[in-house]
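To start, the structure itself, in structure tokens.
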Amino acid sequence: MKSGRKMFFIQFVIISLICVNSVPFSFAQNGKVDSLLALIKTEKEDTNKVNDFNLLSREYKSLGNFHTAFIFNKQAITLAEKLSASPAEAIAKAGKKGLATSFSTCGLIYSAQSNYPAALKNHSLALKIREEIGDERGRAASYNNIGFIYFNQGNYSEALKNHFSSLRIKELLGDKSGMAASYNNIGIIYYNQSNYPEALKNHLASLKIREAMKDKDGTATSFNNIGAIYYNQRNYQLALKNYTAAFKIREEIGDKKGMAGSYSNIGLIYNYQSNYPAASKNFLASLKLEEMIGDKNGMAGSFLNLGTLHTILKKPRQAQNYLNKALTMSREIGSKDLIRDSYLCLTILDSTTGNYKSQIINYKLFILYRDSIDNEDTRKKTVQSQMNYDFEKKEAVAKAEHKKELESQKLISEEKNRKQKIIMFSVAGCLLIVICFAGFALRSLRITRKQKQFIEIQKNEVIKQKEKVEEKQKEILDSIYYARRIQRALITNEKYIEKKLTLLREHSG
């Protein structure tokens, strides 16, 4: 949530938009870089080593050493890709899960560098893998991280869309802690849209879960956030009630930095109620804790608040002292915002004391730092816009190529289907011809069989007739032969008689 500045008081509203890391916490709690470095030297090439590479990467990220963070992240990605290609299903799935975590880590590093297009690309890759392997908890983390990027880009509609997606998955998983974080994040987005009713609704939902879970640190944050909403609605009574509740919990758990922030917030409320003694008491209490823990940024803010308060109380000497300390501390830590505000507060102090020469100098320095910050912001926005443009351009090209590839695949598929249809129809036609031919052949065979049967019958009939004819012929021939025999017999007898008659004639002559 943005830090509000009213009447040049620094409002330390400590509200976190939670970005989920989703890395196993075997070493994340102690952050021992040397322990991790020693461990990876002896580890096998498995998912544990992938996770430890990612943990090392995140440790270096938190130290601001982005170059080394990317080196270990690259090693994590390389090993995870190797494991993902394993023929063993369990190893491949674990490798893919590690690869998703590696892309998520890469996205977090880019986010820390405000390179949001690159961060979005890597978180989207992580989300795609987690959807593929059914890692619901990982999906919720990816949606959360993507929402975080859109929030930082000021794209609140997309930020809400992704945080709500994350929330729905957490509800299905029964992840109460995750739900509380999502409600918190959604509440912050609505706060930045000045939609205080919705912001309050979500922070109250987060508070309810955190109280039920006895999450004291989270409960304190929720009370603080609710107080900030009421503060911006100028409902100082309810703001004070919630800031006080946050302070009591932080005091109980020993959160000194949180206590300092609560003291500062409470002091601001008393200031707006013109209860200056109470405001001063709380600002001093905040400063004391900040000095104790060495929070120089917080100390500079408290010096500014005390300097401005003493300006209002018309105590220029004390005001000058606090504002000079604020300026010195701001320069020491290199905070241009606080340097700018210090010069502005000094300008106002000079105007109340009539020190116009100093007022002009301080005002010019205020303008110098203000413009420097504005120019830097403009440059960052320009670079960001260029990166967004480049990313969108590359994404458009990738989409066009993907579309072209899909169309090509579609054409290939259609051609393949066309050929398959031709083959199918050809085969079907051939089968139909074969079936028709077979039917015709079968029919012809049946006709042939019938014809053969008929011919056989006719043949038999002819044979029978032939036999009858032959039998008749035989009978006729037999009759003829018989007649001829008779005739021959008769002829022989006549010859015989004739012969005999001749002999008789010879004998009688």
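Length available on full extension from residue 367 to residue 237: 0.36 nm per residue minus the Cα-Cα distance, which gives 43.2 nm. Remark: spin-label model distance residue 333-residue 89 equals 5.5 nm, labels positioned 7 Å along the Cα→Cβ axis. The distance between label points at residue 464 and residue 172 comes to 9.0 nm (points 7 Å beyond Cα on the Cα→Cβ vector). Under Stokes-Einstein, with the Kirkwood radius over Cα pairs as Rh, the value for segment 271-318 at 25 °C and 0.890 mPa s is 224 µm²/s. Phi-derived couplings, Karplus 6.51 cos²θ - 1.76 cosθ + 1.60 at θ = phi - 60°, listed residue by residue for segment 66-73: 5, 4, 5, 4, 5, 4, 5, 5 Hz, with x used for Gly and Pro. The distance separating the Cα centre of segment 253-297 from that of segment 339-365 comes to 25 Å. Each label point was placed 7 Å from the Cα along the Cα-to-Cβ direction; for residue 216 and residue 375 their separation is 5.0 nm. For segment 115-120, the Karplus equation 6.51 cos²θ - 1.76 cosθ + 1.60, evaluated at θ = phi - 60°, returns couplings of 8, 5, x, 5, 5, 4 Hz by residue, with Gly and Pro reported as x. Legend: residue pairs 49/93; 49/176; 93/128, Cα-Cα distance threshold 18 Å; pairs beyond threshold, 49/176. The order of the peptides 78-89, 97-108 by mean Cβ neighbours within 10 Å, most packed first, is 97-108, 78-89.
For the residue pairs 96/416; 256/325; 161/256; 61/364, alpha carbon separations beyond 26 Å are given by 96/416; 161/256; 61/364. Cross-link pairs exceeding 25 Å between alpha carbons, from the set 82/170; 208/241; 82/410: 82/170; 82/410. The packing ranking of peptides 352-358, 180-186, 308-314, highest mean first, is 180-186, 308-314, 352-358, where packing means the average number of other beta carbon atoms within 10 angstrom of each residue. Derived scalar couplings between HN and Hα for segment 212-226 equal 5, 7, 6, 8, 5, 4, x, 4, 4, 4, 5, 4, 4, 5, 5 Hz in order, rounded to whole Hz, by the Karplus curve 6.51 cos²θ - 1.76 cosθ + 1.60 (θ = phi - 60°), x for Gly and Pro.
In the P(r) worked out for segment 194-289, what percent of Cα pairs fall beyond 17 Å? Here the tail beyond 17 Å accounts for 49 percent of pairs. Of the peptides 161-169, 66-74, the order by per-residue mean of other Cβ atoms within 10 Å, starting with the highest, comes out as 161-169, 66-74.
Each reported figure results from applying straightforward, stated rules to the coordinates on display, with no laboratory input. Just so it is clear, the structure is predicted and the values come from calculations on it, not from any experiment. In this analysis, Cβ positions are derived from the backbone assuming ideal geometry, glycine residues included, and neighbour counts consider all displayed protein chains.
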